[in-house]
């Protein structure tokens, strides 16, 4: 989104926050008990009427907080993928002498025909 579009969107939000648009802002952030019950049904969660009332208030506050975050002016904040500087730490890819297969198989609890023997994993019969 371009800076001009963000600015226009912010101006519209500021206008919506005016007394004449207070009702429309409430409609956007408010959530009804019917909506909470519908979401609970979609998620296959059984809620009592008291729980629906309880979660309606909580979800309304979450939506209002999200609305407040949308109103923040972040034009000068650079985008980031992670809040902490991360870097991968790899060892140098240097060729080395491989481990001898026979030496490794000698240390295994069970080996046969140059392979490790392991118990069946998926109920297979040997």
Per-peptide average of other Cβ atoms within 10 Å, ordering 35-46, 54-65, 82-93, 100-111 highest first: 54-65, 35-46, 100-111, 82-93
Looking at the range 32-108, I'd like the Rg to Rh ratio, where Rg is from alpha-carbon atoms and Rh is Kirkwood's inverse mean 1/r. 1.44
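Using 0.36 nm per residue of separation minus the Cα-Cα distance, give me the extension gain between residue 113 and residue 42 in nm, one decimal.
Computed gain between residue 113 and residue 42 is 20.1 nm.
Taken together, the values in this text are just the output of simple stated rules run on the coordinates, not laboratory data. What you are looking at is a predicted structure, and each value in this text was computed from that prediction instead of being measured. Backbone-built Cβ (ideal geometry, glycine too); neighbour counts: all protein chains shown.
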